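Here's the structure we're looking at; comments come further down.
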Amino acid sequence: QVQLVESGGGLVQPGGSLRLSCAASGITFNIYDMGWYRQAPGKQRELVAILQRGGIANYADSVKGRFTISRDNNKKTVYLQMNSLKPEDTAVYYCHARFLSSEYWGQGTQVTVSS
């Protein structure tokens with residue numbers, strides 16, 4: 001059974017930082033491209049960052065320079081370090097794993113940026 005379990009969300013003030021984690025099980029983690037998506041109320045889910053299995057990372061323009069995606073293949077975990085958070089970063093953040101036609105989603109973790 002495949003599971004992607006996110007953690008690390010919460011309430012943070014503007015300008016603050018959070019680190020999200022996504023622990024995977026049931027997949028051969030190192031062959032998967034891993035990503036983070038987010039969905040704000042009333043909006044479509046959007047890509048935040050993706051880290052290919054070969055180590056290439058891509059980011060949404062809105063988070064470039066503020067967010068960093070990384071992975072630890074030994075721990076089967078992908079991270080999203082979020083700095084200089086803004087109110088517009090408020091959303092449910094989802095972990096995503098993809099390899100060829102196989103893809104999986106986590107249950108999501110809420111990030112709220114507010115003073």
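The values are calculated or read from the model by the stated rules, or taken from the named source; none is laboratory data. Bear in mind the structure is a predicted one, so any value in this text is a computation, not a measurement. No Cβ is skipped: glycine too gets one built from the backbone with ideal geometry, and neighbour counts run over all protein chains shown. Just the protein is used for accessible areas: all its heavy atoms, side chains included, with ligands, DNA and RNA removed. Shrake-Rupley method; radii C 1.70, N 1.55, O 1.52, S 1.80 Å.
I'd like the distance between the alpha-carbon centres of the stretch 37-88 and the stretch 89-115, rounded to an integer number of Å. After rounding, the separation between the Cα centres reads 9 Å.
Think of the stretch 64-115 as having a plus end and a minus end, set by charges on the Cβ of Lys, Arg, Asp and Glu; of Cys95, Val111, Val78, Val78 sits farthest toward the positive end of this dipole.
Roughly speaking, to the nearest percent, how much of the stretch 1-107's 1.4 Å accessible area is carbon and sulfur? Within the stretch 1-107, the accessible surface is 46 percent carbon and sulfur. Note on the stretch 28-67: dipole from Cβ charges, positive end direction compared against Asn30, Gly42, Gly65; the farthest Cα belongs to Gly42.
Got the relative contact order for the chain handy, in percent, Cα pairs under 8 Å and 6 or more residues apart? Numbers along the way, then the final one.
Working: 275 pairs, mean separation 41.8, N = 115.
Dividing the mean separation by the residue count of the chain yields 36 percent.
In debye to the nearest 20, how big a dipole does the chain give about its Cα centre with +1 on each Lys and Arg Cβ and -1 on each Asp and Glu Cβ? Here the chain has a charge dipole of around 120 debye. With both residues required to sit in the chain, DSSP beta bridges show an antiparallel share near 95%.
Heavy-atom accessible area per residue, the chain, 1.4 Å probe: how many Å²?
Working: 6180 Å² over 115 residues.
Normalised by residue count, the accessible surface of the chain is 54 Å².
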